[in-house]
1. For region 224-270, give me each residue that is assigned to a loop (DSSP other than H, G, I, E, B) and either at positive phi or out of contact with any Gly (no Cβ under 8 Å at 6 or more places or on another chain) (or both).
2. Can you pull out the residues in region 185-223 that are crowded, with 22+ Cβ neighbours inside 10 Å and assigned to a strand (DSSP E or B)?
3. Taking region 94-121 on its own, how many of its residues are outside any loop (DSSP other than H, G, I, E, B), closer than 12 Å to Gly268 by Cα and β-branched (Val, Ile, Thr)?
4. Which one of Tyr247, Tyr226, Tyr253 is touching a strand residue (DSSP E or B) at 6+ places or on another chain (Cβ under 9 Å) and surrounded by 17 or more Cβ atoms within 10 Å (Cβ to Cβ)?
5. For the subset of region 138-169 comprising residues that are farther than 30 Å from Val97 by Cβ and not β-branched (Val, Ile, Thr), which member is surrounded by the fewest Cβ atoms within 10 Å (Cβ to Cβ)?
6. Would you confirm whether any residue within region 170-184 is out of contact with any strand residue (DSSP E or B) (no Cβ under 8 Å at 6 or more places or on another chain) and within 25 Å of Ile99 (Cβ to Cβ)?
7. When residues of region 162-189 are filtered for being out of contact with any Pro (no Cβ under 6 Å at 6 or more places or on another chain) and without any contact (Cβ under 8 Å) to a residue 60 or more places away in the chain, how many remain?
8. Can you give me the number of residues within region 122-137 that are part of a loop (DSSP other than H, G, I, E, B) and either surrounded by fewer than 23 Cβ atoms within 10 Å (Cβ to Cβ) or basic (Lys, Arg) (or both)?
Amino acid sequence: MIKTTSPLSAASGRLAVAVGLLAAMVGGVGLISAFAEPQAAPVAAPPPEQQEVEPAQVTPGSIAPPIEEPLPQPGPDLDPARADPVRDWADEVSAVVDIPARAIVSYVNADLAMRRYQPGCRISWATLAGIGRIESNHGRFAGRQLREDGRPSSPIIGVPLDGGPGIRLIPDTDGGAFDGDTVHDRAVGPMQFIPSTWRRWATDGNGDGLGDPQNLDDAAMAAARYLCAGGRDMTTGSGWWAGVFSYNNSVEYGQKVFALAESYAEAGNRRR
C-alpha cells in the first residue's frame, strides 16, 4: 500500500527494461486521456477480506543504476496489423512470466503514457509490475481473476488501517466511498492505494472518463505518476529507490520490487 513518506537511499540497482512498442503504436489506449481529469468511479463496498499479500521470496540483483533500454520494433513476433500490438507483445511475455497478459497491457500503457507526458521520469513497466505483484498478485489476490476490462473479479479491499501491530493508524478519509469502511481507511485496488492518496493521484488510464482504483489501467497510471512525483528520474539509483520507498518505506519491500522488476524486464528482453 502507498505510504506518505519519501526517504532517499543511496542504494541503486540494475533493471534491464524492455517495453513492447513505440507510443504511436498503442492505439490511443491510456495515452490521450491518461491525464484528463477523471470523474469519481462508483465503488462497490464488499465485506473486507484481504490480508497482506505474500510476495515471492526474492533477493536483489547486482548494484548499478537502472537502465532504460530502447523499445523493440515490430518484427516476426509482433504483428503490426493487429488491432492492439501491445497485447500481442504482452501475450508473448505472459507465456514466460506469471503475469496475466491483461495486466502487462496496463503496465506497458502506463510506461508509454509517461514517456509522452513526463519523459524525464522514465518509469518502466517492469517496476510497475514488480509493485503490482507484491500488492495484489496483479489483481489476482485470494483467487481473484483479472478480467479483460482491467478489473479484478471482485474488488480488492485491504485490512483496516487501525494502528494494530505493524499497521499504520489512518482514520477514515473517504466516508467509506472507496473501501466500505467509515471508521478507518483501507488500501484499495490492484495497486493498493489509500483512499486519500487515490483522490490526489486518481487518473483515467483507459479513456472511460473515470478514475477507478479497482481498474488496473487507472491504478497503474496513477502509480506511475506517483512514483515520478517531484521530478524523479527512475533510471538513476537514487531516483528509483526514492520512488519505491515513497510507495512503501521498507528496504525489504524495495528489494523485492527490484528483484521482481529485474526478472520481468529480462523476460521482456527475451521476447524482442
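Taken together, the values in this text are just the output of simple stated rules run on the coordinates, not laboratory data. Just so you know, these numbers come straight off a predicted model, no measurement behind them. All Cβ positions, glycine included, derive from the backbone under ideal geometry; neighbour counts span all protein chains shown.
1. So in region 224-270, the residues assigned to a loop (DSSP other than H, G, I, E, B) come out as 228, 232-236, 248-250.
Listed by number, the residues that qualify are Thr235, Thr236, Asn249, Ser250.
2. Those that are crowded, with 22+ Cβ neighbours inside 10 Å and assigned to a strand (DSSP E or B): Val188, Phe193, Gly211.
3. Result for region 94-121: 2.
4. On the way: Tyr247 fails: touching a strand residue (DSSP E or B) at 6+ places or on another chain (Cβ under 9 Å); Tyr253 fails: touching a strand residue (DSSP E or B) at 6+ places or on another chain (Cβ under 9 Å).
Going through Tyr247, Tyr226, Tyr253 in turn, the sole match is Tyr226.
5. Kept after step one, since they are farther than 30 Å from Val97 by Cβ, are these residues of region 138-169: 160-165, 167-169.
Next, only the ones that are not β-branched (Val, Ile, Thr) stay: 160-165, 168-169.
Numbers: Pro160: 18, Leu161: 21, Asp162: 15, Gly163: 12, Gly164: 11, Pro165: 4, Arg168: 14, Leu169: 11.
Here the answer is Pro165.
6. Looking for residues that are out of contact with any strand residue (DSSP E or B) (no Cβ under 8 Å at 6 or more places or on another chain) and within 25 Å of Ile99 (Cβ to Cβ), one finds none in region 170-184, hence no.
7. Number satisfying all stated conditions: 13.
8. Going through region 122-137, the residues part of a loop (DSSP other than H, G, I, E, B) turn out to be 122-124, 137.
Next cut, either surrounded by fewer than 23 Cβ atoms within 10 Å (Cβ to Cβ) or basic (Lys, Arg) (or both) only: 122.
The total comes to 1.
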